[in-house]
Amino acid sequence: MKIPDETNVEMICSVSELANLFHQGQDIKGFLAQVVRIVSSHMQTDVCSVYIFDEARDVLVLQATAGLNQEMVGKLTLATGEGLTGLALKELRPIREGRGADNPYFKPIPESGEERFQSFLAVPIIRGIRRVGVLVLQDEKASRFSKSDAMALKAIATQLAVTLENAQLLMVLPGTEDTKKKREDAAGRLIRGTQVVDGVALGSAYHLEGPGKFDGLIKAQNRDYRNSLDDFRKAIDDTEQQLEDLQKRLEEELADVASLIFSAHLLMLRDEGFSGAMEELIKNGIRPCEAVEQVANRYIAIFADSDNHRMREKIQDIKDLGHRILKNLIADSNDRGDYTDQIIITSELLPSELLKLSAQNAEGIVLYGGGTTAHVTVLARSLQVPLIYTEDDSIFRIPENTPLALDAHQALLIVNPDEAAQKRITQLKEGSDRLEELESMAREETRTADGTRIYLRATVNLLSDLKVAGRIKAEGIGLYRSEFPFLIRSDFPSEEEQFRIYSQVVNGLESPLVTLRTLDVGGDKILSYLPESHEANPFLGLRAIRFLLENKKVFVGQLKAMIRAGGKKPIRILFPLVSSLDDFFNARRIVLKSLDFLKRDGLGTFPMPKLGAMIELPSAVEMAPELAREADFLSLGTNDLVQYMLGVDRTNERVAGLFDTRHPAVLRAVKRVVDTAKAADCPLSVCGIMAKDPVTVYYLMGLGVKEFSLEPGRIPEMQSAVAKMNMDNAVKDAEILSKLGTSKEIKEFLKKIALPV
Ligand code: PEP
Ligand code: MG
């Protein structure tokens, strides 16, 4: 019997009411039972069942049914692709059969009591790209379900998706038997990801967030705890001393970004409301450990409630602090109260957090999805913390303290590694003095196989990169990204602080070529201390040079610090995200003003620095002839150029496949810029992603580019790659590549020429 459309519409409405019921506190099982009852009654079918997808085990679980054997609820599982139900989930499409048993994928499950049902209709329940489950109808009568039934069921599945997804998530809340099982099942597995920072690590799982995280604090009933007020006060002193030592060490190693990184900890530690409140509790008879736990958890709860990013960041500080105090209260603990021997799992990572984790010896980091920003990955590279990204959310179901092996080289996380895996990782770790290895690979000069001289300069993000750049004898600094000291601090660094940092950059290498880029914030590089910094489309917002032209005080302060740091040296100053000649002229005017201010303030007379424009916008490509005429040099910023040419967010993992550096439009745009710079006799160098891929370097060399800037750790490998390339071939191949019209042709051509890289 065909079901009239009105009925379907009515039913969809009552289903959405049902969904609301769930939000009002209905228990999950009862809610699901109601769903199947109402759907089967409205659709007038013999059976309605709901299967929820258990991601950890990669199976569908029958969670409620009206019409099948109730005993199977919670027990009947189907793998993705198993039976018609599994097929609906695998192929993410409705499966409608007049006689289910006629379909070769049909899998009889006699215990379910479904033999007598002939018609079959299953639709997947999907939320975004997440698989939530499958909704199934069955009926005794053959050919019972029409196309419009399938559409109605699809609409119901869509209506219910949000609620069922919540049910799916709640079913894996910690503490339930189910969850424990799922968490155990997550063990012994390989979790795949993408390498962000190479390296290997062994350690136990530590979740930076998630339900139950407050339990990360030690329980107070442990007998080993010291109990007197004096013990508590000593623990506070010890904690303070440790934090000060940590801060000092960090400032020695990472002077540019480490300033006051543990200041919030230290301030908090001595605060009346924090250690003062703990002391009060102890005086009132509460044991010290309990007092620490109570007060710390109170603060955590307050911060957790906040919508503010920066407030939430403080949660980790409080946890760190609580943990440290408690550890210092334990008489015989080997635990250092930091992240030694721990691998951090998180979906969000702020630059300052990363720095704290690294300073506190975190072994490695597994980051879920797009929970971070490009500069965090850059920072992680400079800090050399092994780090992978993964889209596999089963990482959140790995129980705390589970042994893990992180092999970022192969972009793998091994849960509960066996002895052989542990041994392999240990060996890799021991055998990796990366710096020594790089140094031994590095060459005095970079030349192609036929002797053309190429200049590989260092891209410097942190002062610590200078050490690597020095050891491999990089030929100057092609790009110093000045934003990190701004991003990590909680306020603008003073001109003096900047001066000290830039002086180290300017004098960091033997080569006199130093390119200091002015502040490139905005986009994904958010200064959290600017209250008005929220923008709907930050990559199209007040970014880079636009920000500086709007904030002239900051601009002048930075330029003065850069010029002073340069002294009599002919430094190069580079403006990011220039979109017009006007931008460039405006920026140049501020440089001239800054020189005047320096003179006026008696700080000295300095030579005019060489001024460059980054070509990273399509508008700058158009304006390249004029910019090449006016600027002293150009720098092709290929990360942004690809992003803006193709309209693909460089930080969005979901469109990472579209971020194509070999797209014909990109190849042609860079050719235009290179030709223009050549014609104007304007020096040009390339930085960003195309400068670190040997294939695009080959193309660019073929166009005539001789200067590249890349992370110093990548230079020796690139030198070897360039040494295998032949310049005459590169010129011919670049000419052909620039004329090809499709990515397919480009791919095929590159395959044919098979670069020896
Ligand atoms: C670029 O865009 O290529 C570049 C080097 O700048 P950043 O990655 O800092 O935006
Ligand atoms: Mg850029």
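The values are calculated or read from the model by the stated rules, or taken from the named source; none is laboratory data. This is a predicted model, so every value here is computed, not measured. For neighbour counting, all protein chains shown are included, and Cβ atoms are generated from backbone atoms with ideal geometry for every residue, glycine included. Side chains included, ligands, DNA and RNA excluded: accessible areas come from the protein's heavy atoms. Shrake-Rupley method; radii C 1.70, N 1.55, O 1.52, S 1.80 Å.
Applying the selection to the range 62-85, what residues are more than 32 Å from the chain's Cα centre (by Cα) and closer than 30 Å to residue 190 by Cα?
62, 63, 73, 74, 75, 76, 77, 78, 82, 83, 84, 85
Taking the condition of a type in the set (Ser, Thr, Tyr) and open to solvent by 40 Å² or more (accessible area, probe 1.4 Å), does residue 49 pass?
No.
Check the range 670-678 and report whether any residue there is within 12 Å of ligand 1 (Cβ to nearest atom) and either more than 21 Å from residue 479 (Cα to Cα) or of a type in the set (A, V, I, L, M, F, W, C) (or both).
Yes, that holds for at least one residue.
Being among the charged types (D, E, K, R), out of contact with any Gly (no Cβ under 6 Å at 6 or more places or on another chain) and open to solvent by less than 10 Å² (accessible area, probe 1.4 Å) is the requirement here; does residue 596 meet it?
So residue 596 does not fit the description; no.
Check the range 664-673 and report whether any residue there is outside any helix (DSSP H, G or I), farther than 25 Å from residue 381 by Cα and not small (Gly, Ala, Ser).
no
Can you work out which of the residues in the range 679-694 that are hydrophobic (A, V, I, L, M, F, W, C) and within 16 Å of ligand 1 (Cβ to nearest atom) is surrounded by the fewest Cβ atoms within 10 Å (Cβ to Cβ)?
The residue in question is 689.
Every residue in the range 577-629 that is closer than 17 Å to residue 644 by Cβ, part of a loop (DSSP other than H, G, I, E, B) and aliphatic (A, V, I, L, M), please.
577, 578, 617, 623
Filter the range 554-573 for residues that are among the aliphatic types (A, V, I, L, M) and away from ligand 1 (no atom under 16 Å from the Cβ); which is surrounded by the most Cβ atoms within 10 Å (Cβ to Cβ)?
562
Please verify whether the range 653-670 includes one or more residues that are surrounded by 19 or more Cβ atoms within 10 Å (Cβ to Cβ) and either within 16 Å of residue 544 (Cβ to Cβ) or touching a Cys at 6+ places or on another chain (Cβ under 9 Å) (or both).
No: the range 653-670 contains no residue that is surrounded by 19 or more Cβ atoms within 10 Å (Cβ to Cβ) and either within 16 Å of residue 544 (Cβ to Cβ) or touching a Cys at 6+ places or on another chain (Cβ under 9 Å) (or both).
If you check 564, 546, 500, which single one turns out to be in contact with a strand residue (DSSP E or B) (Cβ under 8 Å, 6 or more places away or on another chain) and in a helix (DSSP H, G or I)?
Just one listed residue meets the conditions, 546.
Do we find that residue 608 is touching a Leu at 6+ places or on another chain (Cβ under 6 Å) and either of a type in the set (A, V, I, L, M, F, W, C) or over 20 Å from residue 514 (Cβ atoms) (or both) in this structure?
The answer is no for residue 608.
Just to be sure I understand, how many residues within the range 473-491 are away from ligand 1 (no atom under 14 Å from the Cβ) and either more than 22 Å from residue 614 (Cβ to Cβ) or open to solvent by less than 20 Å² (accessible area, probe 1.4 Å) (or both)?
Residues in the range 473-491 being away from ligand 1 (no atom under 14 Å from the Cβ) and either more than 22 Å from residue 614 (Cβ to Cβ) or open to solvent by less than 20 Å² (accessible area, probe 1.4 Å) (or both): 8 in total.
Counting only residues that are of a type outside the set (A, V, I, L, M, F, W, C) and part of a helix (DSSP H, G or I), which one in the range 92-114 is surrounded by the fewest Cβ atoms within 10 Å (Cβ to Cβ)?
110
Being among the polar types (S, T, N, Q) and within 16 Å of ligand 2 (Cβ to nearest atom), is that true of even one residue in the range 674-683?
Checking the range 674-683: not a single residue is among the polar types (S, T, N, Q) and within 16 Å of ligand 2 (Cβ to nearest atom).
Quick check, is residue 580 of a type in the set (Gly, Ala, Ser), farther than 19 Å from residue 501 by Cα and more than 16 Å from ligand 1 (Cβ to nearest atom)?
Yes.
Within the range 634-642, identify whether any single residue is open to solvent by less than 10 Å² (accessible area, probe 1.4 Å), part of a helix (DSSP H, G or I) and in contact (Cβ under 8 Å) with a residue 60 or more places away in the chain, and answer yes or no.
Looking for residues that are open to solvent by less than 10 Å² (accessible area, probe 1.4 Å), part of a helix (DSSP H, G or I) and in contact (Cβ under 8 Å) with a residue 60 or more places away in the chain, one finds at least one in the range 634-642, hence yes.
From the residues in the range 232-262 that are open to solvent by less than 40 Å² (accessible area, probe 1.4 Å) and in a helix (DSSP H, G or I), which one is nearest to residue 282 (Cα to Cα)?
232
Here are some conditions: (1) charged (D, E, K, R); (2) away from ligand 2 (no atom under 16 Å from the Cβ); (3) at pLDDT below 95. Residue 660 meets all but one. Which one does it not meet?
Every listed condition holds for residue 660 apart from (3).
Is there a residue being out of contact with any Asp or Glu (no Cβ under 9 Å at 6 or more places or on another chain), without any contact (Cβ under 8 Å) to a residue 60 or more places away in the chain and within 16 Å of ligand 1 (Cβ to nearest atom) anywhere in the range 710-723?
Yes, the conditions are met somewhere in the range 710-723.
In the range 514-553, which residues are away from ligand 2 (no atom under 14 Å from the Cβ), under 20 Å from the mean Cα position of the chain (by Cα) and either open to solvent by less than 20 Å² (accessible area, probe 1.4 Å) or touching a residue at least 24 places away in the same chain (Cβ under 8 Å) (or both)?
526, 527, 528 - these are the residues of the range 514-553 that are away from ligand 2 (no atom under 14 Å from the Cβ), under 20 Å from the mean Cα position of the chain (by Cα) and either open to solvent by less than 20 Å² (accessible area, probe 1.4 Å) or touching a residue at least 24 places away in the same chain (Cβ under 8 Å) (or both).
Could you say which residue among 630, 616 is closer than 21 Å to residue 707 by Cα and within 13 Å of ligand 1 (Cβ to nearest atom)?
None of the other options fit; the residue is 616.
Residue pairs, Cβ under 7 Å, 6 or more apart or interchain, first in the range 135-156 and in contact (Cβ under 8 Å) with a residue 12 or more places away in the chain and open to solvent by 10 Å² or more (accessible area, probe 1.4 Å), second part of a helix (DSSP H, G or I) and of a type in the set (A, V, I, L, M, F, W, C). List them.
Every condition considered, the pairs that remain are 155/12.
Yes/no matrix, rows are residues, columns are (1) modelled with pLDDT under 95; (2) charged (D, E, K, R); (3) farther than 14 Å from residue 613 by Cβ:
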| site | (1), (2), (3) |
| --- | --- |
| 530 | yes, no, yes |
| 534 | yes, no, yes |
| 538 | yes, no, yes |
| 545 | no, no, no |
| 548 | no, no, no |
| 552 | no, yes, yes |
| 575 | no, no, no |
| 580 | no, no, no |
| 585 | no, no, no |
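Inspect all residues belonging to the range 595-610 and state whether any of them is closer than 25 Å to residue 737 by Cβ and over 20 Å from the mean Cα position of the chain (by Cα).
No; the residues of the range 595-610 include none that is closer than 25 Å to residue 737 by Cβ and over 20 Å from the mean Cα position of the chain (by Cα).
Which members of the range 603-628 meet the condition of being surrounded by fewer than 22 Cβ atoms within 10 Å (Cβ to Cβ) and either among the polar types (S, T, N, Q) or away from ligand 2 (no atom under 16 Å from the Cβ) (or both)?
603, 604, 605, 606, 607, 608, 610, 611, 619, 622, 625, 626
Given the criteria away from ligand 2 (no atom under 16 Å from the Cβ), open to solvent by 10 Å² or more (accessible area, probe 1.4 Å), of a type outside the set (Phe, Trp, Tyr) and at pLDDT 95 or above, does residue 456 qualify?
no
If you take the residues of the range 502-513 that are open to solvent by less than 10 Å² (accessible area, probe 1.4 Å) and not hydroxyl-bearing (Ser, Thr, Tyr), which of them is farthest from ligand 1 (Cβ to nearest atom)?
Across the range 502-513, the extreme among qualifying residues is 506.
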